[in-house]
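S.K.: This structure is in structure tokens; I'll ask about it shortly.
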Number of protein chains: 2
Amino acid sequence: MAEFRVTPWEVEGEVDYEKLLLQFGADPIPEGIIEELPKPVLLPLKRGYFYAHRDFDKFVEDWKEEKKISVVTGRGPSGPMHLGHILPFYAARWFQEKMGAFVLIPISDDEKYLVRKERKVSEVERFARENLVDILAVGFDPERTRIVIDFEDTYLYKPAVIVAKRVTFSTMKAVFGLTNESNVGWVFYPAVQMVHLFLPQLLLGPHRVLVPVAVDQDPYIRVARDVAEKVGLVKTAGLLSKFMPSLESPFGKMSTSGGVEQKVIWLTDDKETVRRKIMKYAFSGGAPTVEEHRKYGGKPEIDVSFLYLLYFFEEDDRKIREIEESYRSGEMLTGELKAYAAEKIASFLEEHQMRRSKVLDAGPEEKLSEYRLNEEEKRAVLEWGKDL
Amino acid sequence: MAEFRVTPWEVEGEVDYEKLLLQFGADPIPEGIIEELPKPVLLPLKRGYFYAHRDFDKFVEDWKEEKKISVVTGRGPSGPMHLGHILPFYAARWFQEKMGAFVLIPISDDEKYLVRKERKVSEVERFARENLVDILAVGFDPERTRIVIDFEDTYLYKPAVIVAKRVTFSTMKAVFGLTNESNVGWVFYPAVQMVHLFLPQLLLGPHRVLVPVAVDQDPYIRVARDVAEKVGLVKTAGLLSKFMPSLESPFGKMSTSGGVEQKVIWLTDDKETVRRKIMKYAFSGGAPTVEEHRKYGGKPEIDVSFLYLLYFFEEDDRKIREIEESYRSGEMLTGELKAYAAEKIASFLEEHQMRRSKVLDAGPEEKLSEYRLNEEEKRAVLEWGKDL
């Protein structure tokens with residue numbers, strides 16, 4: 001397997017997830033914990049897309065004891081959203097619906113502005129607004145969900161300063177791969193992100209907050225855990241996933257970096273586009289010819305269409321096993337697998353797009369306003385940490 | 001002369017102001033410019049306490065052409081204020097009254113919190129409120145003065161991010177003496193301070209902003225000038241002063257660092273206390289005995305009481321020359337000089353304290369509210385830099 005490099009801002013090469021776990025030092029998800037969760041269990045959790053954690057067991061324990069729990073899932077508005085961007089929000093909704101979690105959604109327009117040299121303020125702001133339409137379409141409960149936008153909810157600066165006082169440049173350098181040539185906004189930003197992770201505790205008092213993210217975001221969680229204890233908060237829990245496979249590679253990350261359109265399924269893609277992209281680009285674990293496939297069989301574990309079904313779109317355990325066996329044996333052909341996956345993905349997207357239209361019809365700003373912090377909540381943020 | 005070390009956070013040893021100028025690379029104030037200023041000229045400017053500058057000539061030019069001009073003078077609320085803290089605000093008031101400058105007063109509670117390890121949020125907030133009573137007592141015109149408090153006016157975070165994107169950690173390290181062990185809030189803070197210097201331009205459009213500060217703050221101005229051009233603003237002008245001499249040394253800086261009470265005249269000191277402190281602690285340029293003094297004379301240039309009179313309290317040019325000559329000749333004794341200086345300082349403080357009482361009677365919060373940014377002004381700050 002090729003060399004790979006993973007930082008919170010960059011994923012290069014083909015990722016070996018087990019190695020990554022060793023590198024980051026998180027734990028694999030413990031046996032038996034999935035069975036304790038409410039049914040139907042969140043698919044990517046049941047099927048091993050989320051494959052590592054920090055204190056997820058304690059989070060589940062707290063839920064069983066009916067303690068307050070929260071989930072934080074954010075978005076850096078760097079452009080339009082694709083399938084890999086939206087699925088974490090559907091995961092967060094599951095935690096809200098099934099486990100009663102409070103959900104906090106930070107929009108880090110500041111980060112995207114700071115990290116991308118050519119980006120203008122107006123651009124990240126526009127992307128933030130566009131992305132929010134998709135996030136609102138997921139259908140969070142406004143009573144138990146808050147959205148913050150860094151460039152607008154600037155009161156986050158105050159707790160970020162309190163957090164930042166407890167993290168040195170050395171730490172940022174070691175953990176995030178910053179250099180002396182990094183701009184100082186970028187150097188400070190991880191403190192803002194830590195505040196995102198702490199925010200449910202600032203609003204509702206100390207309690208367990210779970211952050212379901214791709215494993216490349218683990219450094220944030222690690223530093224946040226260290227700081228949490230220093231500021232009287234419960235250590236942040238993490239649920240770490242693999243990367244949403246790129247269309248063209250089961251090991252890559254669905255990403256527009258490099259602008260390669262054929263890697264990505266956009267949230268706006270229609271049925272026909274999804275079908276065309278899957279048929280044309282989705283990396284196949286099948287043999288080169290139908291004859292060889294019939295003879296030697298396919299490799300579902302590296303077939304992107306199969307992985308999409310496994311992790312996200314085929315709820316039926318019996319059905320996914322059937323597909324796996326049939327494909328491995330050579331009975332099911334790549335074309336058939338692809339057609340089936342395309343159908344599932346397109347129908348998920350159709351539903352999402354329908355909800356998206358409803359948000360647009362209702363007026364996104366009005367809808368968004370239901371999720372913003374009210375004055376009392378803002379005051380709570382500004383009042384936090386007086387004795388720190 | 002002993003070794004000395006000057007950074008924006010620390011002044012050690014006995015300062016050689018000419019060397020400092022070379023070190024920082026600012027220019028001495030040009031001949032003839034003082035004569036162009038409105039009368040009576042600000043005393044510390046006329047008498048060389050402000051001794052160096054960047055673009056002060058252009059600032060005066062803009063004033064002559066009746067262009068918009070502004071002055072920024074801030075306060076880091078690290079404790080109660082002494083004489084050395086308040087005089088810059090009286091200087092700013094002069095620029096407002098005599099030259100029509102808009103005045104911006106930033107209160108950097110965040111900086112003091114970040115730089116002083118043991119400081120709690122509640123402490124810097126308390127000091128900020130206490131200090132503001134003194135600043136309000138100076139008597140700025142609410143129509144042409146704005147006060148921002150970093151921990152409250154957090155919308156400054158947004159322009160600070162825009163500025164921060166244009167400054168690397170390397171630059172901060174070189175200019176401010178930060179290290180890898182500096183906390184990342186401190187690393188970011190200079191961007192916030194740059195926004196303070198730019199704020200009049202964000203509110204009123206690009207124009208010349210003068211920052212009259214002690215020479216140790218020059219690094220901020222230098223970096224701000226570099227950044228100003230990159231973000232479409234007029235380069236910040238600086239008027240650089242010597243340090244308010246400590247009671248016990250004409251070369252030191254009036255400072256409570258080390259907690260040495262006898263260095264400092266507090267704004268709350270009464271007539272008797274001022275007299276006692278000056279008599280007891282003020283470094284004297286006189287000879288060791290009356291006999292020797294009568295014979296050899298005194299050295300006004302290193303006599304702290306004389307320097308206070310020269311730079312701040314003796315408006316009468318003829319009188320200050322008389323004192324200088326009489327003291328140098330040995331005719332005027334140290335005790336006489338001290339008594340005269342104590343009288344002048346105490347009467348300045350009495351007037352300040354009277355105005356301070358009025359602020360307290362009127363209600364400091366209500367008074368303060370006249371100087372805060374209104375919603376429209378806050379919006380202007382948040383709208384700035386869309387295309388950057």
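S.K.: Between B:P250, B:P212, B:P40, find the one with the highest GNM mean-square fluctuation for chain B; connect C-alpha pairs within less than 10 Å.
M.R.: It is B:P40.
S.K.: Spin-label point model (7 Å from Cα, Cβ direction): what's the B:D387 to A:K299 distance in nm?
M.R.: If labels sit at B:D387 and A:K299, their model points lie 5.3 nm apart.
S.K.: Report, as an integer, the average count of C-beta atoms from other chains found within 10 Å of each Cβ along B:186-199.
M.R.: Numbers: counts 7, 10, 13, 4, 1, 4, 3, 0, 0, 0, 0, 0, 0, 0.
Counting Cβ atoms of other protein chains within 10 Å of each residue's Cβ and averaging gives 3.
S.K.: What is the stretch B:5-246 by shape, rounded, prolate or oblate, if you read a ≥ b ≥ c off the alpha carbon gyration tensor as root eigenvalues and call it rounded for a/c under 1.5, prolate for a/b larger than b/c, and oblate otherwise? Can you show the working numbers first?
M.R.: Numbers: a/c = 1.30, a/b = 1.26, b/c = 1.04.
The shape class here is rounded.
S.K.: Further, regarding this structure: In whole Å, what are the extents of the stretch A:29-148 along the principal axes defined by its C-alpha atoms, from largest to smallest?
M.R.: 47, 29, 21
S.K.: Got a sec? Which residues in the stretch B:183-217 would a label at B:E61 touch, if it sits 7 Å along Cα→Cβ and we count backbone N under 17 Å?
M.R.: B:207-211
S.K.: Same structure, new question: Quick check on the exposure proxy: order B:R222, A:R379 from fewest to most C-beta atoms within 10 angstrom. Can you show the working numbers first?
M.R.: Numbers: B:R222 17, A:R379 12.
With the fewest neighbours first, B:R222, A:R379 line up as A:R379, B:R222.
S.K.: Gaussian network model of chain B, Cα springs within a sub-10 Å range: biggest mean-square fluctuation belongs to which of B:N374, B:N180, B:N131?
M.R.: B:N180
S.K.: I've got another one for you. Go through B:W186, B:I135, B:L309 and say which Cα lies farthest out towards the positive end of the charge dipole of chain B; charges sit on Cβ, +1 for Lys and Arg, -1 for Asp and Glu.
M.R.: Projecting each Cα onto the dipole axis, the largest value belongs to B:W186.
S.K.: Among A:V381, A:Y281, A:G74, whose Cα projects farthest towards the positive end of the dipole of chain A, with charges put on the beta-carbon of Lys, Arg (+1) and Asp, Glu (-1)?
M.R.: A:V381
S.K.: Can you sort A:V163, A:V227, B:V231 so the residue with the fewest Cβ neighbours within 10 Å comes first? Write down the numbers at each step before the final one.
M.R.: Working: A:V163 30, A:V227 25, B:V231 20.
Going from sparsest to densest Cβ surroundings: B:V231, A:V227, A:V163.
S.K.: If you don't mind, another one. With an 8 Å cut-off on Cα pairs and a minimum separation of 6 or more residues, tell me the relative contact order of the stretch A:72-191 in percent. Numbers along the way, then the final one.
M.R.: Numbers: 124 pairs, mean separation 35.5, N = 120.
Reported relative contact order: 30 percent.
S.K.: Mind giving me the nanometre distance, one decimal, between the label points for B:S347 and B:E248, set 7 Å out from Cα along Cα→Cβ?
M.R.: 3.1 nm
S.K.: Other chains near B:175-183: what is the mean number of their Cβ atoms within 10 Å of each residue's Cβ?
M.R.: Averaged over the peptide's residues, the number is 4.
S.K.: Which one of A:S347, A:T334, A:T268 has its Cα pushed farthest toward the positive end of the charge dipole of the stretch A:260-362, where Lys and Arg give +1 and Asp and Glu give -1 at the Cβ?
M.R.: A:T268
S.K.: In whole Å, what is the distance between the alpha-carbon centres of the stretch A:83-116 and the stretch A:192-257?
M.R.: Cα centroid of the stretch A:83-116 versus Cα centroid of the stretch A:192-257: 10 Å apart.
S.K.: Tally Lys/Arg at +1 and Asp/Glu at -1 over every other residue whose Cβ is under 14 Å from the Cβ of A:R129; what's the total? Show your work: numbers first, answer last.
M.R.: On the way: positive: A:R75, A:K112, A:R126, A:R356, A:K367, A:R372, B:K386; negative: A:D109, A:E123, A:E125, A:E130, A:D134, A:D150, A:E152, A:E365, A:E366.
With Lys, Arg at +1 and Asp, Glu at -1, the neighbours total -2.
S.K.: With +1 assigned to the C-beta of every Lys and Arg and -1 to the C-beta of every Asp and Glu, and no other charges, what is the dipole magnitude of the stretch A:260-362 about the Cα centre in debye, to the nearest 20?
M.R.: Numbers: 18 positive and 21 negative charges, 54 e Å.
Dipole magnitude for the stretch A:260-362 comes out near 260 debye.
S.K.: So what's the back-of-envelope 222 nm ellipticity for the protein assembly as shown, counting only DSSP H runs of four-plus at -39500 (n - 2.57) apiece and dividing by all residues, rounded to 500? Provide the component values of the computation, followed by the final result.
M.R.: Numbers: 34 runs with 384 residues, N = 776.
Mean residue ellipticity at 222 nm (helix-derived): -15000 deg cm²/dmol.
S.K.: Residues with beta-carbon under 15 Å from that of B:E351, excluding B:E351: net charge, scoring Lys, Arg +1 and Asp, Glu -1?
M.R.: Working: positive: B:R93, B:K271, B:K344, B:R355, B:R356, B:K358; negative: B:D134, B:D269, B:D270, B:E315, B:E343, B:E350.
For residues surrounding B:E351, the net value is 0.
S.K.: Relative to the Cα centre, what is the charge dipole magnitude of the stretch A:87-225, using +1 at the beta carbon of each Lys and Arg, -1 at the beta carbon of each Asp and Glu, and rounding to the nearest 20 debye?
M.R.: Working: 18 positive and 17 negative charges, 99 e Å.
Value, rounded to 20: 480 debye.
S.K.: Of B:K112/B:K299; B:K112/B:K158; A:K68/A:K358; A:K19/A:K46; A:K367/B:K378; A:K112/A:K271, which ones are farther than 27 Å apart at the Cα? Provide the component values of the computation, followed by the final result.
M.R.: Details: B:K112/B:K299 37 Å; B:K112/B:K158 20 Å; A:K68/A:K358 31 Å; A:K19/A:K46 21 Å; A:K367/B:K378 24 Å; A:K112/A:K271 31 Å.
Those over the limit are B:K112/B:K299; A:K68/A:K358; A:K112/A:K271.
S.K.: Distance between Cα centroids, the stretch B:25-74 to the stretch A:326-371: provide it in whole Å.
M.R.: Cα centroid to Cα centroid, the span is 66 Å.
S.K.: Got the relative contact order for chain B handy, in percent, Cα pairs under 8 Å and 6 or more residues apart? Kindly include the intermediate steps, with their values, before the conclusion.
M.R.: On the way: 618 pairs, mean separation 74.8, N = 388.
Relative contact order for chain B comes out at 19 percent.
S.K.: May I pose another question? Take every DSSP beta bridge whose two residues both sit in chain B, then give the antiparallel share in percent to the nearest 5. Let's see the in-between values first.
M.R.: On the way: 12 of 29 bridges.
So the antiparallel bridges amount to about 40 percent of the total.
S.K.: Further, regarding this structure: Is the stretch A:263-350 best put as rounded, prolate or oblate by its Cα gyration tensor, with a ≥ b ≥ c the root eigenvalues, rounded for a/c under 1.5, and otherwise prolate when a/b is larger than b/c, oblate when not?
M.R.: Working: a/c = 2.38, a/b = 1.48, b/c = 1.61.
Since a/c reaches 1.5 but b/c is at least a/b, the shape of the stretch A:263-350 is classed as oblate.
S.K.: Which residues in the stretch B:114-149 have a backbone N closer than 14 Å to a point placed 7 Å from the Cα of B:S369 along the Cα-to-Cβ line?
M.R.: Within reach of a label on B:S369: no residues.
S.K.: Hey, got a sec? Which trypsin sites (Lys or Arg not before Pro) in the stretch B:67-135 land in a DSSP loop and have at most 14 other Cβ atoms within 10 Å? Could you put the intermediate results ahead of the total?
M.R.: Details: sites: B:K67, B:K68, B:R75, B:R93, B:K98, B:K112, B:R116, B:K117, B:R119, B:K120, B:R126, B:R129; in loops: B:K67, B:K68, B:R116, B:K117, B:R119, B:K120.
Here the trypsin sites (Lys or Arg not before Pro) that fit, given the DSSP loop and packing criteria, are B:K67, B:K117.
S.K.: At R0 = 56 Å, how high is the FRET efficiency between A:K358 and B:I34 if r is their beta carbon distance? Nearest 0.05 is fine. Don't jump to the answer; show the numbers that get you there.
M.R.: Working: r = 70 Å, r/R0 = 1.24.
My answer for the efficiency is 0.20.
S.K.: What fraction of the DSSP beta bridges in the protein assembly as shown is antiparallel, stated in percent and rounded to the nearest 5? Walk me through the numbers before you get to the answer.
M.R.: On the way: 26 of 60 bridges.
Of those bridges, close to 45 percent are antiparallel.
S.K.: Right, something else. For chain A, what is the charge dipole size about the Cα centre, in debye to the nearest 20, if Lys and Arg each add +1 at the Cβ and Asp and Glu each add -1 at the Cβ? Can you show the working numbers first?
M.R.: On the way: 56 positive and 65 negative charges, 111 e Å.
My answer is approximately 540 debye.
S.K.: Which order results if B:K299, A:K242 are arranged by neighbouring Cβ count within 10 Å, fewest first? Walk me through the numbers on the way to the answer.
M.R.: On the way: B:K299 15, A:K242 21.
Exposure proxy ranking, most exposed first: B:K299, A:K242.
S.K.: Could I have the simple spin-label model distance between A:V290 and B:K173, label points 7 Å from Cα toward Cβ, reported in nm to one decimal?
M.R.: 6.3 nm
Each value in this text was obtained by applying a stated rule to the coordinates, not by laboratory testing. Model, not experiment: these values are computed from the prediction. Glycine also receives a Cβ, built like all others from the backbone with ideal geometry; neighbour counts cover every protein chain displayed.
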